[in-house]
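The values are calculated or read from the model by the stated rules, or taken from the named source; none is laboratory data. Computed from a predicted structure; not experimentally measured. As a convention, Cβ positions derive from the backbone with ideal geometry for all residues, glycine included, and neighbour counts pool all protein chains shown. Quick note on the areas: whole protein, heavy atoms, side chains included, nothing else; ligands and nucleic acids left out. Shrake-Rupley method; radii C 1.70, N 1.55, O 1.52, S 1.80 Å.
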Amino acid sequence: MLRVGTFLPPAARDRRAVPAHPEVGKIPPDDHALFMKLLRDLTDVEFVHDLDIRRSFVRDGAVYCGEVRLNDLDLYLWHAEVDRDPGGYALEALRTLALDVPVVPDPARFATGLDKYRAHLRLSRAGLPVPDTILLDRRAPEAAAPVVAQWGAPC
């Protein structure tokens, strides 16, 4: 039997909320109910729900939510608002978990989507047209002088 951990928080059912703008990181209530029903209908899968990666801890490379050692799962599925700062705890815990267990969405790709430069680079390398760009250390802006001169702008 496949053992799957999830963190899929539903948004509050609030009639005043604008349907087009649900709570960030939460699944709209009707969609959440349908999704959970579809998961319940799966055979040969045991689910452990409400394993909030933001309330976990990592010990010697193993990620724990309460008594549950997430590294013992076959899959971890999450959908949540997490700290987007580089090196933020939740993404680091997800990356650590992903060394042992498939994590969906993949935290490395999720982090790339948050990083404007890396996202731009991936799109460019995939052959998609993107604007010309440069990356430089803010302490050495003069390093960009040759490119900026080609662009016809003062440095």
Under Karplus coefficients 6.51, -1.76 and 1.60, residue-wise ³J(HN,Hα) of the range 42-47 in Hz, glycine/proline x: 6, 9, 6, 10, 9, 9
10 Å Cβ shell holding at most 15 others, DSSP loop, trypsin sites (Lys or Arg not before Pro): longest site-free stretch of the chain: 17-83
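So, with +1 on the Cβ of K and R and -1 on the Cβ of D and E, and no other charges, what is the size of the charge dipole of the chain about its Cα centre, to the nearest 20 debye?
Working: 20 positive and 23 negative charges, 88 e Å.
That gives the chain a dipole magnitude of about 420 debye.
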Extended-chain gain in nm, criterion 0.36 nm per residue less alpha-carbon gap, Leu136 and Val48: 27.2 nm
Accessible surface, the chain, averaged per residue in Å² (probe 1.4 Å): 69 Å²
Per-selection metrics, the chain (Cα): Rg and Dmax in Å: 20.6, 64
Cα-only Debye scattering, the range 96-155: base-10 log of I(q)/I(0) at q = 0.18, 0.23, 0.26 Å⁻¹: -0.79, -0.99, -1.06
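Ignoring ligands, DNA and RNA, what percent of the 1.4 Å accessible area of the chain is carbon and sulfur? Before the final figure, lay out the partial values.
Numbers: 5850 of 10750 Å².
Carbon and sulfur: 54 percent of the exposed surface of the chain.
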